[in-house]
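*Asks:* Please see the structure below; I have some questions.
The values are calculated or read from the model by the stated rules, or taken from the named source; none is laboratory data. Quantities reported herein were computed from a predicted structural model and do not represent experimental measurements. Note: ideal-geometry Cβ built from the backbone for every residue, glycine included; neighbour counts use all protein chains shown.
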Amino acid sequence: MNAWNADTEAGPSEAGAVTVVEGSSFCISSHNGDIIPGGSQGVFYQDTRVISRWMLRVNGSLREPLGAQTPRAFQATFVGRARWPDGRFDSPLVVRHQRHIGPGLRDDITLINYSSEPADCDIELSVEADMADLFDVKGGRAPTGAVTRRSVQGAELHIEAERNGQRRGVAIRAAGALVREDGLAFRVEIPARGQWSTAVIAVPLINGAGPEEPFSEASPPHHRMGVKRHLAWEEHVPRVTVMDRNVQNVLDRSQKDLGSLRIFDDAHPDRAAVAAGAPWFMALFGRDSLLSAYMSLLVDPNLAAGTLQTLAGIQGTKVDPDSEEEPGRIPHEVRFGINAGLALGGTAYYGTADATPLFVAVLGELSRWGLGEDIIDSLLPHADRALEWIEHYGDRDGDGFVEYLRPNPHGLLNQGWKDSWDGINFADGRMAEPPIALCEVQGYVYAAYVARSLLARWTGDDSLERHWAGRAARLKASFNERFWMPDKGYYAIALDKDKQQVDSCASNMGHCLWVGLVDEDKAPMVAEHLMSPEMFTGWGIRTLASDMGAYNPVSYHNGSVWPHDSALVATGLMRYGFVDEASRIASGLFAAAAHFGGQLPELFCGFDRSDFPEPVPYPTACSPQAWAAAAPVQLARILLRFDPDFTRNEVHLAPILPDRMGDFRADNVLLGRSRITIHGRGREGSVEGLPPALKLRSDPRLPLYKDLAN
């Protein structure tokens, strides 16, 4: 999930940091609520750090932190003890500090005096705003090329900087404050057993203008549109009830995190897309957003629809080597910052090999879920343009496979989901050289061909259905011929610049199971390797087998465990009939989630479960992160074996739920235009409220490759 012009891992993290997020805005602070300069903390708005210091002192001292809570993704509450005026030990002054993030920041600060005598307090809030671009902060680089100006304008402190022709700033105010160029100050007397409060508001400015709905003293924070959207999400998503409390907690947390990771286009406020993850990837990412939306279908298929619509609006139209835009290509990443442009779609980087075929594949899957014909009709031309990109640009040498090779020195070196610089390597540890054709990318292309064939069936175009079915069949045959390594019993992760098989044993081939690209006679060997001690840690599937030359359990892509990756592998195993193996992965991930407070991180270290009693955290993992939040939802779906298929007017429900999970019930699940209830226990299941046109089937859905023959 690396960002444009940054062949690095996720950004720095700090122990005890508290993150709150809403849309593309987020705040990282210390455990007492202060934002400490010099690191990665700050308030970020449209990929610019608009606050880099925010430190509260009472009577000359910082607060002693007592606790921090994040009841909702966009809200945090900090409790601390402040210094008594005479410096006495065991001060009875308590600070209650409630923070809301959104189009800026609102901090409601209350000092409570539990003493029987009044307290004269000097309160100071020191403020800095370096207006650093998110990429500079993420990479630990000092911002350059901008002059910061500070001024007191009436009752507000203004800090502003100009870079690349864009002005970014912030206006800070609070009732009763003495406004200075270094921050705000208050001199107050807090009566015995009394309290004092103020609301400090920071409003971000772009070229001198604030957001449409800034925080204000007159309107409570929960009246804002962003909060209303979040509360509406909580009301309308499915209500899941599971006897297994851990599974219940994990699924509840997943739904909340997915709600917090939604981003909205101001031009289409009713349309939500999925951001990749907090804090560093609160932006639209083609691959990440599409896969997350696919795995979240059980929660809300509208997320997938909104993601597809948003990506369609910024689909490539021209050839631009700098951004790697090409006609029909779906972007890798869209950013807002000073170095990236202003509006959603303003600046996009297109260097990814897989987002474009995934666009078509997810559209096909949505048609199974009863997506409205009007939306499908509007997106079909974009799907066809994506397929044209595969043929004319993705397949660089005409061999039928999609390859990648960056045309510039600043783009991503590797352009699949393992996009770190060393993510694609041979069994002996050597790096593969581009152009590179990844095995899972061919799987996504295959899924796109199958999806377009089924969409043609849906529209009654028999000729087009046969055309894309034929393309899919030919790709499957050539893939199994060129990528299969009979002496090793598994698929190459890629073909390199010389069309040599990159022979490392990696999790990527599990994605080929998911989409049905694996020949049936080869599937048992693939399953055996994926579930071997070298690959399966007991918590999940390693990205790279432990006997490979580049293996490192603390690496980003060469031996770590990524929950979304493992969930897709489990989906593939289940589709091919490897039920026990898929269930073991699901159980391992749910168990791992319990050790992370019910919230799976972006990734964790690939140590074996027998070596450590708990999964070992990866130091810079994003959390919440869309892939990881969606993974438990996908696991629940495969254990239910719930698969609607509006193209055939049927719904499959064939549960294989572990006994310890007990009863599973999901109310208010959106299917087509209906809200249904799914119930499962063990191998029994039922659906209430099924649309009359759909027939309930108690057998699992066929693997994707068999759709072409039915």
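*Asks:* Being surrounded by 19 or more Cβ atoms within 10 Å (Cβ to Cβ) and either outside any loop (DSSP other than H, G, I, E, B) or at pLDDT below 95 (or both) is the requirement here; does residue 11 meet it?
*Replies:* Yes: the conditions hold for residue 11.
*Asks:* To continue, here is another question. Among the residues of segment 160-177, what is the count of those that are of a type in the set (Val, Ile, Thr) and in contact (Cβ under 8 Å) with a residue 60 or more places away in the chain?
*Replies:* The number of residues fulfilling the criteria is 1.
*Asks:* Scan segment 197-219 and report the pairs whose first residue is within 21 Å of residue 132 (Cβ to Cβ) and whose second residue is polar (S, T, N, Q), with Cβ atoms within less than 8 Å and a gap of 6+ or a chain change.
*Replies:* 204/46; 204/48; 206/46; 206/166; 207/166
*Asks:* Which residues, taken from segment 244-294, are of a type in the set (D, E, K, R), more than 24 Å from residue 356 (Cβ to Cβ) and touching a helix residue (DSSP H, G or I) at 6+ places or on another chain (Cβ under 8 Å)?
*Replies:* Selection gives 244, 253, 256, 257.
*Asks:* Need pairs with beta-carbon distance below 7 Å; first residue part of a helix (DSSP H, G or I) and within segment 641-661, second crowded, with 19+ Cβ neighbours inside 10 Å and modelled with pLDDT of 95 or more; sequence gap 6+ or separate chains.
*Replies:* 661/242; 661/247
*Asks:* Do we have any residue at all in segment 611-634 that's surrounded by fewer than 21 Cβ atoms within 10 Å (Cβ to Cβ), touching a Gly at 6+ places or on another chain (Cβ under 8 Å) and of a type in the set (Val, Ile, Thr)?
*Replies:* Scanning segment 611-634, I find at least one residue that is surrounded by fewer than 21 Cβ atoms within 10 Å (Cβ to Cβ), touching a Gly at 6+ places or on another chain (Cβ under 8 Å) and of a type in the set (Val, Ile, Thr), so the answer is yes.
*Asks:* Which condition number does residue 245 fail, the rest of (1) under 18 Å from residue 596 (Cα atoms); (2) in contact (Cβ under 8 Å) with a residue 60 or more places away in the chain; (3) of a type in the set (D, E, K, R) being met?
*Replies:* (2)
*Asks:* Another question about this same structure. If residue 319 satisfies every condition in (1) buried (at least 22 other Cβ atoms within 10 Å of the Cβ); (2) among the hydrophobic types (A, V, I, L, M, F, W, C); (3) without any contact (Cβ under 8 Å) to a residue 40 or more places away in the chain but one, which is the exception?
*Replies:* Unmet for residue 319, out of (1) buried (at least 22 other Cβ atoms within 10 Å of the Cβ); (2) among the hydrophobic types (A, V, I, L, M, F, W, C); (3) without any contact (Cβ under 8 Å) to a residue 40 or more places away in the chain: (1).
*Asks:* So residue 291 passes all but one of these: (1) of a type in the set (A, V, I, L, M, F, W, C); (2) surrounded by fewer than 24 Cβ atoms within 10 Å (Cβ to Cβ); (3) modelled with pLDDT of 95 or more. Which condition number does it fail?
*Replies:* That leaves (2) as the condition not met.
*Asks:* Restricted to segment 130-142, and to residues that are closer than 14 Å to residue 167 by Cα and either of a type outside the set (A, V, I, L, M, F, W, C) or assigned to a loop (DSSP other than H, G, I, E, B) (or both), which residue is farthest from the chain's Cα centre (by Cα)?
*Replies:* The selected residue is 130.
*Asks:* Given the structure, is residue 218 exposed (fewer than 13 other Cβ atoms within 10 Å of the Cβ) and touching a Ser or Thr at 6+ places or on another chain (Cβ under 8 Å)?
*Replies:* Judged against the criteria, residue 218 is not a match.
*Asks:* Given 701, 637, which one is buried (at least 17 other Cβ atoms within 10 Å of the Cβ), in a loop (DSSP other than H, G, I, E, B) and of a type in the set (D, E, K, R)?
*Replies:* Just one listed residue meets the conditions, 701.
*Asks:* Considering (1) over 21 Å from residue 24 (Cβ atoms); (2) surrounded by 19 or more Cβ atoms within 10 Å (Cβ to Cβ), say which one residue 257 fails and leave the rest.
*Replies:* The failed condition is (1).
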